[in-house]
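The values are calculated or read from the model by the stated rules, or taken from the named source; none is laboratory data. Quick caveat, the model's predicted, so the values are computed rather than measured. Here Cβ is always computed from backbone atoms with ideal geometry, including for glycine, and neighbour counts include all displayed protein chains.
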2 protein chains.
Amino acid sequence: MNNLRETFQQTTGQISGHGKRNAGVLKTAFLDVSDDLPSDQYGTGSVIQPFEQKLAATLGKEDAVFFPSGTMAQQIALRIWSDETSNRTVAYHPLCHLEIHEQNGLKELHPMDTLLVGAVNRLMTLDEIKALPEIACLLLELPQREIGGVAPAFAELEAISRHCREQNIRLHLDGARLFEMLPYYEKTAAEIAALFDSVYISFYKGLGGIAGAILAGPAAFCQTARIWKRRYGGDLISLYPYIVSADYYYELRKDRMADYYADATQLAERLNAVSGIHTTPEVPVSNMFHLHFAGGVDEVTEKLTKIQEATGIGLTGYIVAKDGYCSTEISLGDAYRALDPDRLNTVFQQLEHAFT
Amino acid sequence: MNNLRETFQQTTGQISGHGKRNAGVLKTAFLDVSDDLPSDQYGTGSVIQPFEQKLAATLGKEDAVFFPSGTMAQQIALRIWSDETSNRTVAYHPLCHLEIHEQNGLKELHPMDTLLVGAVNRLMTLDEIKALPEIACLLLELPQREIGGVAPAFAELEAISRHCREQNIRLHLDGARLFEMLPYYEKTAAEIAALFDSVYISFYKGLGGIAGAILAGPAAFCQTARIWKRRYGGDLISLYPYIVSADYYYELRKDRMADYYADATQLAERLNAVSGIHTTPEVPVSNMFHLHFAGGVDEVTEKLTKIQEATGIGLTGYIVAKDGYCSTEISLGDAYRALDPDRLNTVFQQLEHAFT
């Protein structure tokens, strides 16, 4: 398995992402920043507050709070809605980030319960949501990352939102990749966020920043979120390394999402044409999809390692064994556009040779 | 009040600190860092792990974990010791950071209780510690910041440590300013840390980094701390902006603490010679002390504002009203050493004129 990661790290071009995650990402963002720029200080100051207001406006919400991480932001959002509705139970998809990546933080840190809605291999349905008992909040993730980046039609989102408002259920958007979804929906971020009571977005997915998140919602919600941010130890004296870079890459890439989406669609079609390779979804709805290779983990690792070594183009640094095939995640960004088409053709020739 | 802050921000030299907290602090730390330096990734990689090991060795502990904040690190330390001893109660000073600066995070996030030991105007005593009921953990802060930076004699620390070991009480060190204490104790960090089961240190106090903390202790303790760090949303994909700068300023300033301590002692003596001005402690034991001016808040604000405007030297950006006097905090660093002695003399002449 290590060979795959090592050869990936030595590649000079990559299918996914925006280039390597290294100190250059920080240094580039700070290149034109003056040494005199004052640090934010415990959530105040000219670095943080105007940025929070800009994102609040973009998302059409009264206020927004910058957080070091989405993990912290989303647990806090659910806790606030739980307190406001005096209901301990929140609901989300079985492959929600809170369920599988946070060491059960929500329930370890809060007196809360969770319900899992739907199944691990598909989106939850409106009928499944309607069948839920009384809950404080429903969390929806757009796109649903762990099943390859799948999302409901906008009309379905509207129907879910209508139902939640009728039932006094708060609706929270895990919009880690919200900007990546806009070209598919042909909507603004605010038009989608309007269906939700609160919204989280991430700055290091499609936007390619270093770390950090925004949680947006009503003014009182954000005021309480700032208190919880202090309780969690997220109200750092200085968050500017993340904020300055988040702003830099947000402005650089927010209008490129249609390109990344188009690239994902075209690349997925080309990959699906290779026998022994397929993607989920078959037709992407954002810049991402999951990529599956027929064969066991050793066999697929060996094949991909050889291709990465031979071409210098990185497909992936890891694969996960499934039943008869292996999977990885692809998310398109600036790196794909920078690839030489001839080198990419060579990758496809070798994939066809290896997997057909 | 705003005038004091504004005039302070416009000063060209300061009594406290290492210069202004601005983007230059980050850019300086990254000046010689290659763009190719790979980011840490969720707690792994060459940026974070060797740094954690270096601090573990310096503190004489088996392992250490880098955290975005001390708030997060210390709550987690207390929770782990509480779980390990099956006791919900921890004890600390009434002016402990957890008691007054964290929006009650420990008790809001954990099923824990706290006992306050001693009084707000002095250190806790061994007798008071001996009188405590059964507790999981005692937190000691060295120096006790909110009373001006006061610390017990080393023999007293040893006696407290002995008592806690005999009584199966875990002893945690809030060593936000531990390095600043070493010249007074004439001990190494490891010699002091040896009296404690776990230790937290901060990188943006006397060391002057951007943010971030280390929590050190036994291997199993640190392993559990990493799980809680993930739960809190502190296990960021990239912490390198804080780690690289923490390491840079740690190496730059760790051996300057004796100078800062000497400066604090000499400056406090000079300030105590002015009528209407005094410091606590009268004789500092670290690089810090509290500085008190006779008079009401408006009067003292006006006087200090005028002195800052006239001299261009910053004494403080804020004062807190007390009973008949006003207080602020001074912590010596590189900025004091950079002051022109003649300009400093002018400050003292004006202080004498204003307060005598």
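Restricting A:Arg226, A:Arg270 to residues that are among the basic types (Lys, Arg), in contact (Cβ under 8 Å) with a residue 60 or more places away in the chain and assigned by TED's automatic domain parsing to the domain that holds A:Leu178 narrows the list to A:Arg226.
Within the range B:201-214, being in a loop (DSSP other than H, G, I, E, B) and not basic (Lys, Arg) holds for B:Phe203, B:Tyr204, B:Gly206, B:Leu207, B:Gly208, B:Gly209, B:Ile210, B:Ala211, B:Gly212.
Just to be sure, is A:Asp174 assigned by TED's automatic domain parsing to the domain that holds A:Thr89 and crowded, with 16+ Cβ neighbours inside 10 Å? Give the steps one after another, and end with the answer.
Numbers: assigned by TED's automatic domain parsing to the domain that holds A:Thr89: yes; crowded, with 16+ Cβ neighbours inside 10 Å: yes.
It is true that A:Asp174 is assigned by TED's automatic domain parsing to the domain that holds A:Thr89 and crowded, with 16+ Cβ neighbours inside 10 Å.
Among residues of the range A:201-214 being in contact (Cβ under 8 Å) with a residue 60 or more places away in the chain and more than 16 Å from A:Ile48 (Cβ to Cβ), the one that is surrounded by the fewest Cβ atoms within 10 Å (Cβ to Cβ) is A:Lys205. For the range A:9-52, the set of residues classified as among the aromatic types (Phe, Trp, Tyr) and under 22 Å from the mean Cα position of the chain (by Cα) consists of A:Phe51 only.
Conditions (1) out of contact with any Ser or Thr (no Cβ under 9 Å at 6 or more places or on another chain); (2) at pLDDT below 95; (3) assigned to a loop (DSSP other than H, G, I, E, B), marked per residue:
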| position | (1), (2), (3) |
| --- | --- |
| B:Gln103 | yes, no, yes |
| B:Thr114 | no, no, no |
| B:Leu123 | yes, no, yes |
| B:Ile129 | yes, no, no |
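Checking each residue in the range A:29-57 for being in contact with a strand residue (DSSP E or B) (Cβ under 6 Å, 6 or more places away or on another chain) and part of a helix (DSSP H, G or I) picks out A:Glu52, A:Leu55, A:Ala56.
Residue-by-condition table, conditions (1) buried (at least 20 other Cβ atoms within 10 Å of the Cβ); (2) not in a helix (DSSP H, G or I):
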| site | (1), (2) |
| --- | --- |
| B:Met72 | yes, no |
| B:Ile76 | yes, no |
| B:Asp83 | no, no |
| B:Leu95 | no, yes |
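Whether any residue in the range B:193-211 is aromatic (Phe, Trp, Tyr) and more than 26 Å from A:Pro68 (Cα to Cα) is what I want to check. Lay out the reasoning, then the answer.
Taking the range B:193-211 first, the residues aromatic (Phe, Trp, Tyr) are B:196, B:200, B:203-204.
Now drop any that are not more than 26 Å from A:Pro68 (Cα to Cα), which leaves B:196.
Within the range B:193-211, one or more residues are aromatic (Phe, Trp, Tyr) and more than 26 Å from A:Pro68 (Cα to Cα).
Scanning the range B:29-41 for residues that are loosely packed, with under 15 Cβ neighbours inside 10 Å and more than 7 Å from chain A (Cβ to nearest Cβ) turns up B:Leu31, B:Asp32.
Could you run through the range A:58-70 and say how many residues are assigned to a helix (DSSP H, G or I) and more than 12 Å from chain B (Cβ to nearest Cβ)?
Quick first cut of the range A:58-70, residues assigned to a helix (DSSP H, G or I) only: A:58, A:70.
Checking the rest, the ones that are also more than 12 Å from chain B (Cβ to nearest Cβ) come to A:58.
The total comes to 1.
Please indicate, with yes or no, whether at least one residue in the range A:47-57 is modelled with pLDDT of 95 or more, within 14 Å of another protein chain (Cβ to nearest Cβ) and surrounded by fewer than 18 Cβ atoms within 10 Å (Cβ to Cβ). Checking the range A:47-57: not a single residue is modelled with pLDDT of 95 or more, within 14 Å of another protein chain (Cβ to nearest Cβ) and surrounded by fewer than 18 Cβ atoms within 10 Å (Cβ to Cβ).
Quick check: is even one residue across the range A:4-25 closer than 21 Å to A:Gly234 by Cα, touching a residue at least 12 places away in the same chain (Cβ under 8 Å) and facing chain B (nearest Cβ under 8 Å)? No: the range A:4-25 contains no residue that is closer than 21 Å to A:Gly234 by Cα, touching a residue at least 12 places away in the same chain (Cβ under 8 Å) and facing chain B (nearest Cβ under 8 Å).
If you go through the range A:230-268 and keep only what is closer than 20 Å to B:Phe67 by Cα and in contact with a strand residue (DSSP E or B) (Cβ under 7 Å, 6 or more places away or on another chain), you end up with A:Gly234, A:Ile237, A:Leu239, A:Ile243.
Condition check for A:Phe221 on (1) out of contact with any Pro (no Cβ under 6 Å at 6 or more places or on another chain); (2) over 30 Å from A:Ala159 (Cβ atoms): one failure, at (2). If the condition is being among the polar types (S, T, N, Q) and in contact with a helix residue (DSSP H, G or I) (Cβ under 8 Å, 6 or more places away or on another chain), then the range B:332-356 contributes B:Thr346, B:Gln350.
Identify all residues within the range A:145-176 that are touching a residue at least 60 places away in the same chain (Cβ under 8 Å) and under 18 Å from A:Lys54 (Cα atoms); write none if there are none. Matches in the range A:145-176: A:Ala176 only. The helices (runs of 4 or more DSSP H) found entirely in the range A:215-280 that carry 2 or more residues being within 14 Å of another protein chain (Cβ to nearest Cβ) and either surrounded by 22 or more Cβ atoms within 10 Å (Cβ to Cβ) or over 22 Å from the mean Cα position of the chain (by Cα) (or both) are A:219-232, A:240-253.
For every residue, the table says whether it meets (1) surrounded by 18 or more Cβ atoms within 10 Å (Cβ to Cβ); (2) of a type outside the set (Lys, Arg); (3) outside the structural domain of B:Ala262 (by TED's automatic domain parsing).
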| residue | (1), (2), (3) |
| --- | --- |
| B:Val300 | yes, yes, no |
| B:Lys303 | yes, no, no |
| B:Gln308 | yes, yes, no |
| B:Gly312 | no, yes, no |
| B:Tyr318 | no, yes, no |
| B:Ser327 | yes, yes, no |
| B:Tyr336 | yes, yes, no |
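When A:Ala159 is tested against (1) crowded, with 19+ Cβ neighbours inside 10 Å; (2) under 17 Å from A:Phe196 (Cα atoms), only condition (1) is not met. Among the residues making up the range A:189-200, those that are in contact with a Ser or Thr (Cβ under 9 Å, 6 or more places away or on another chain) and either closer than 13 Å to A:Leu55 by Cβ or among the charged types (D, E, K, R) (or both) are A:Ala189, A:Ala190, A:Ala193.
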